[in-house]
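The values are calculated or read from the model by the stated rules, or taken from the named source; none is laboratory data. Predicted model only: the values in this text are computed from it and were never measured. No Cβ is skipped: glycine too gets one built from the backbone with ideal geometry, and neighbour counts run over all protein chains shown.
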Amino acid sequence: MWGRSRGWWRLPVIAVIAGIAAGLLYAGSGSAYVAAYGGFAASLVALALSWIAWVWRAKTSPAGLAAVGPDLDRVADLLAVAVKDQWKRAAGERGLAEPEPIPVTWGSPSLPLAGPAAAAAGSRRFAPLPGLASAGEAQLTAGQITDLHAVYGGLGSGRLVIAGAWGVGKSGGAVLLILAALEHREQVPAQERPKVPVPVLFTVQDWDPRRQLVGDWLTERLQETYPLFAGKAGEAKAAALIAGEKIAVILDGLDEIAEELRPVALQALSQQAGFRLVVLSRTDEMASAVAQRGMLQGAAAIELRPVDAATAADYLERVQRDPPPDGWRDLIGRIRASPESPLTNALNSPLTLTLVRDTYQAGDDARELLYFCDTKLQDVSRDKAAEEVTGHLLDRVLPAAYAHRPGQPPPRYDIWTAQSALTKIAAQMNQDHTRDLQWWRLPAWAPARPRAILSGLVAGLVAGFVVGPLAGIERGVAMGLVVGFLFGFFGYFEHGLVAGAPNRIEKPRMRQLLSQVNLEDAIPIILGGGISGGLVGGIVGGFRVGIVAGLGFGIVGGLVIGLVFGPGRAQDTNSPSPVTSWRNDRSYALVAGLVVGIVGGLGLGLMVERLFGLKLGLTMGLAAGLTIGLVPCFVPLSADSQVWPSALAAAQLAMRWHTPVRLMKFLDDARERNVLRTVGPVYQFRHARLQDRLADANDDSSDDSQKGVPI
């Protein structure tokens with residue numbers, strides 16, 4: 001756990017400085033204090049050097065040296081369970097499960113997006129998946145969204161491009177493809193199952209193909225999304241799954257990255273992807289990348305088609321009561337009677353159809369949409385009319401989501417609060433060029449200096465309160481200021497630059513206490529703790545106390561920490577939601593602090609027992625240990641918890657943007673109201689177009705505010 005921390009250098013550096021500062025502060029308190037704290041500082045130097053040397057070796061060693069285990073197929077089976085749990089939940093949030101999905105069709109692309117379909121179908125790079133036939137060229141010319149799995153699993157080249165216009169259903173089709181692939185994998189005979197890869201879906205917005213290999217990026221995403229791959233051992237498992245073609249990769253959002261990166265990304269995928277691969281993109285953006293010599297070699301391409309009038313009318317009829325209200329009957333009748341009207345042209349995609357379904361829910365309110373079309377779309381071009389209708393529907397999302405519904409408690413947040421907060425969030429996400437809202441990256445949205453100052457003050461006050469009874473008020477305050485400065489300085493240095501992924505606490509597993517990887521994690525704690533405990537105990541209490549303190553503090557502390565925080569996640573088949581990952585990280589910080597504080601405090605109390613007596617020594621030791629353990633976890637330093645900086649950042653945003661202080665609670669409420677959706681531990685806006693619409697509204701409000709117009 002400790003060696004893998006992003007800020008592995010912080011604890012030894014802080015420990016050395018704190019130890020030396022403590023020695024100087026206590027220099028005038030007598031020879032016993034000088035000897036004790038001088039020895040403590042010297043032992044901390046030894047601890048820091050041993051720790052840094054070990055971590056440097058670990059960081060420069062290839063990840064593949066970590067134990068992967070012989071049963072990689074079992075790891076793939078566990079991943080399949082996690083992926084299915086993740087995307088079944090996502091399908092429910094997106095309305096793909098109930099009612100029946102909109103029947104989207106596809107055909108040959110209207111623009112050059114890939115090489116010849118015959119070459120992709122005739123390739124022998126991949127054998128058809130067990131139970132599936134080879135996908136021929138004819139299958140690539142037309143089909144239903146439900147036919148995608150047969151093409152995905154039977155295409156010889158193993159590479160498929162799925163293109164289409166805004167809102168035509170690419171992401172929804174990918175979710176349905178994943179669920180179909182996992183269902184097929186469960187149904188094949190057990191002996192054939194290792195031949196069926198586990199599909200995973202990621203967006204590529206944070207991948208820079210010029211600086212990072214796709215395999216390394218995928219390994220990071222697997223680790224971030226699935227606790228199964230936490231730690232060094234998890235990294236090795238993820239890399240082995242990728243190298244062994246045990247996963248199939250679906251990449252969304254190619255059209256969202258910088259234009260100059262799209263052809264580079266396709267070239268990198270052509271050269272580096274040895275697994276089955278599906279790439280989703282808007283048609284025009286993919287065609288532009290291909291024209292710049294960015295074609296995905298060996299891929300076949302299909303293009304999702306607009307929904308025809310009859311299908312749209314049938315779907316809207318299916319999602320309403322029978323018989324439908326008069327307003328809905330008029331809307332459905334208009335679509336069937338006028339298949340070329342601006343209204344019908346606008347309602348030709350899953351995006352707009354689901355917006356109508358979700359925002360018109362009060363019986364005859366669908367007549368409002370007909371009135372809008374009759375009054376606003378006169379003498380407007382076909383494309384402009386579709387944009388106007390889509391914008392009108394997007395503007396209805398928040399009022400519909402936060403409207404008071406009969407028989408239910410009033411919304412926790414009023415429409416003005418929700419709209420203001422979500423507009424600011426959408427604008428910031430667009431500024432960051434991302435569709436993913438990761439709660440642990442909230443600190444990047446607010447200045448780090450105020451958090452560092454506050455964290456330093458908290459740490460200093462706590463440290464001063466603990467040290468005061470031992471050293472006197474003056475020295476206690478001085479020590480508190482030193483500790484506070486150190487925490488504030490190093491907290492600012494790290495959290496002003498980087499935000500780590502959330503952590504997760506695991507159940508202690510006795511059978512893994514002596515595992516190789518667990519012992520590797522415990523070695524620096526055992527060595528450093530033994531050296532520190534032996535030196536300080538020897539100086540304070542003599543040779544015998546030094547031996548006992550060194551062995552006890554080093555071995556017990558190291559193994560306890562390794563037991564609680566070491567690997568042992570082989571059974572973990574969860575893909576946590578954002579709220580779950582927040583709670584996991586908070587629990588991790590708390591348990592980390594308690595373990596470090598209790599083990600360290602008991603050891604320290606036994607060391608100073610001769611000076612202060614057993615009762616007072618243990619009391620002081622536990623107080624100091626819990627301070628050292630808990631304060632860094634939440635301030636944060638040693639445990640890399642992101643809960644504290646994210647909570648402080650939410651408070652900063654509340655002052656700056658007038659967003660709710662309890663931002664996580666607000667975000668999850670927005671998810672419950674179908675404004676946001678979850679993809680593993682991150683939030684996304686339910687529709688990318690909604691994010692862009694809100695971001696544009698924020699820009700307009702900013703312009704108006706500069707003119708003195710109220711927002």
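So here's what we get for this one:
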item	result
Residues that are of a type in the set (A, V, I, L, M), closer than 25 Å to residue 671 by Cα and modelled with pLDDT of 90 or more, drawn from region 331-384	347, 351, 353, 355, 356
Cβ pairs under 7 Å, 6+ apart, first in region 140-161 and farther than 15 Å from residue 182 by Cα, second of a type in the set (Lys, Arg)	156/124; 156/125; 157/125; 158/125; 158/276
Any hit, region 125-141, residues being in a helix (DSSP H, G or I), surrounded by fewer than 19 Cβ atoms within 10 Å (Cβ to Cβ), touching a helix residue (DSSP H, G or I) at 6+ places or on another chain (Cβ under 7 Å) and at pLDDT below 95	yes
Residue list for region 289-298, restricted to those being assigned to a helix (DSSP H, G or I) and within 30 Å of the chain's Cα centre (by Cα)	289
Single residue of region 279-288 satisfying the filter (over 28 Å from the mean Cα position of the chain (by Cα) and of a type outside the set (S, T, N, Q)) that is nearest to residue 158 (Cα to Cα)	287
Any hit, region 428-439, residues being in a helix (DSSP H, G or I), of a type outside the set (S, T, N, Q) and under 23 Å from residue 672 (Cα atoms)	yes
Residues that are surrounded by 20 or more Cβ atoms within 10 Å (Cβ to Cβ) and either modelled with pLDDT of 95 or more or hydrophobic (A, V, I, L, M, F, W, C) (or both), drawn from region 221-245	222, 228, 229, 230, 233, 236, 238, 239, 241, 242
Residues (free of Cβ contacts under 8 Å to residues at least 60 places away in the same chain and farther than 24 Å from residue 280 by Cα) located in region 301-324	309, 310, 313, 314, 316, 317, 320, 321, 322, 323, 324
Within region 299-316, considering residues that are surrounded by fewer than 18 Cβ atoms within 10 Å (Cβ to Cβ) and in a helix (DSSP H, G or I), the one farthest from the chain's Cα centre (by Cα)	310
Of all residues in region 395-418 being assigned to a helix (DSSP H, G or I) and surrounded by 19 or more Cβ atoms within 10 Å (Cβ to Cβ), the one that is nearest to the chain's Cα centre (by Cα)	418
Residue 421, sole failed condition from (1) small (Gly, Ala, Ser); (2) over 32 Å from the mean Cα position of the chain (by Cα); (3) crowded, with 19+ Cβ neighbours inside 10 Å	(2)
Number of the condition not met by residue 82 [criteria: (1) modelled with pLDDT of 90 or more; (2) touching a strand residue (DSSP E or B) at 6+ places or on another chain (Cβ under 6 Å)]	(2)
One residue from 303, 285 being within 22 Å of residue 122 (Cα to Cα) and among the charged types (D, E, K, R)	303
Qualifying position, being within 20 Å of residue 245 (Cβ to Cβ) and touching a helix residue (DSSP H, G or I) at 6+ places or on another chain (Cβ under 7 Å), among 96, 111, 177	177
Only one of 280, 269 that is in a helix (DSSP H, G or I) and modelled with pLDDT of 95 or more	269
Answer residue from region 633-681, given it is among the hydroxyl-bearing types (Ser, Thr, Tyr) and assigned to a loop (DSSP other than H, G, I, E, B) and is modelled with the lowest pLDDT among those	638
Filter result for residue 201 (more than 21 Å from the chain's Cα centre (by Cα) and either closer than 17 Å to residue 91 by Cα or surrounded by 22 or more Cβ atoms within 10 Å (Cβ to Cβ) (or both))	no
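For (1) touching a residue at least 60 places away in the same chain (Cβ under 8 Å); (2) assigned by TED's automatic domain parsing to the domain that holds residue 194; (3) closer than 27 Å to residue 145 by Cα, each residue gets a yes or a no:
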{"position": "220", "(1), (2), (3)": "no, yes, no"}
{"position": "225", "(1), (2), (3)": "yes, yes, yes"}
{"position": "235", "(1), (2), (3)": "yes, yes, no"}
{"position": "239", "(1), (2), (3)": "yes, yes, no"}
{"position": "252", "(1), (2), (3)": "yes, yes, yes"}
{"position": "270", "(1), (2), (3)": "no, yes, yes"}
{"position": "274", "(1), (2), (3)": "no, yes, yes"}
{"position": "277", "(1), (2), (3)": "yes, yes, yes"}
{"position": "280", "(1), (2), (3)": "yes, yes, yes"}
